[in-house]
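The structure appears right after this line, and notes come after that.
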Amino acid sequence: MNLFTNVSVAVVIVCLAIAPAAAVPERVVHRYLDVAMSPDGRHVASVEGDSSPSGGEPVARSLMIRSIDGKQSASVALPCGQVRECWPASLAWNADGTRLAFALRKPGTHARTVYTVAPDASALTQLFAFDGTITDLRYGPGGRLAMLAVAGAKKEVGATQAGAPITGDLGGPVPEQRIAILDGGKLDWASPGFRIPETGYANPTRRDRESNQRYGVCASRRRIET
């Protein structure tokens, strides 16, 4: 091997050593935000999506229904599509596992609409449109739905959620979280509005506690964030 060949080989080795490594695609974390198994044990529903670029909760979220054996899966076609804040949540199966109820946020607002869907993701049906937040859906006797609702909500439920700017009459009514029953396409309030400004905790009445026990809604000492 002559000198020229030796130099050529050395140059190639050096070039390979200093060449930038091929970019490795960043691993996307798939996150599950809610899960509910049907009472008959045949299906499991989940709200899921890929983490945001910053690593936070998914911006686009899907509602999936899978068979327990993993052989079948279906994505529910949400009316507002795969866009930011078109977010399903509060999954609840009815007693015989033939319908899944969920609350869907309207993008750009705090409004919710309650829907039901079949286990194969078909027959999407709107039950009720509401001007505030809805959480903790629960089926009770007679197929009625109980929930925690905030009419006219100015922010999402939770201490870390951003609130609306403070404007207007500061002495006006404050949005309050209440127990509600969906019956015949309308909400019946099962608890009065309540809020203790000093502590920010709900102070349930006897009727509230009875409603909690009947529908399995845990609202006792629930912190109210408005």
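Figures for the structure shown
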| item | result |
| --- | --- |
| The stretch 148-173, subset surrounded by 14 or more Cβ atoms within 10 Å (Cβ to Cβ) and assigned to a loop (DSSP other than H, G, I, E, B), residue modelled with the lowest pLDDT | Val157 |
| Cross-chain or 6+ apart pairs with Cβ under 6 Å, the stretch 103-120 first and farther than 11 Å from Glu85 by Cβ, then at pLDDT 95 or above and among the small types (Gly, Ala, Ser) | Ala103/Ala89; Ala103/Ser90; Arg112/Ala103; Thr113/Ala129; Val114/Ala103; Thr116/Ala101; Asp120/Ala74 |
| Filter pass, Glu57 being modelled with pLDDT of 95 or more, under 23 Å from the mean Cα position of the chain (by Cα), within 23 Å of Leu104 (Cα to Cα) and of a type in the set (D, E, K, R) | no |
| Filter pass, Asp96 being under 24 Å from Ile181 (Cα atoms) and surrounded by 17 or more Cβ atoms within 10 Å (Cβ to Cβ) | no |
| Per-region count, the stretch 92-119, residues part of a strand (DSSP E or B) and in contact with a Ser or Thr (Cβ under 8 Å, 6 or more places away or on another chain) | 10 |
| Qualifying residue in the stretch 48-62 (condition: hydroxyl-bearing (Ser, Thr, Tyr) and closer than 27 Å to Ala151 by Cα) | yes |
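The values are calculated or read from the model by the stated rules, or taken from the named source; none is laboratory data. Fair warning: this is a prediction, and the values are worked out from it, not measured in the lab. Don't worry about glycine lacking a Cβ; one is built from the backbone with ideal geometry, like all the others, and counts go over all protein chains shown.
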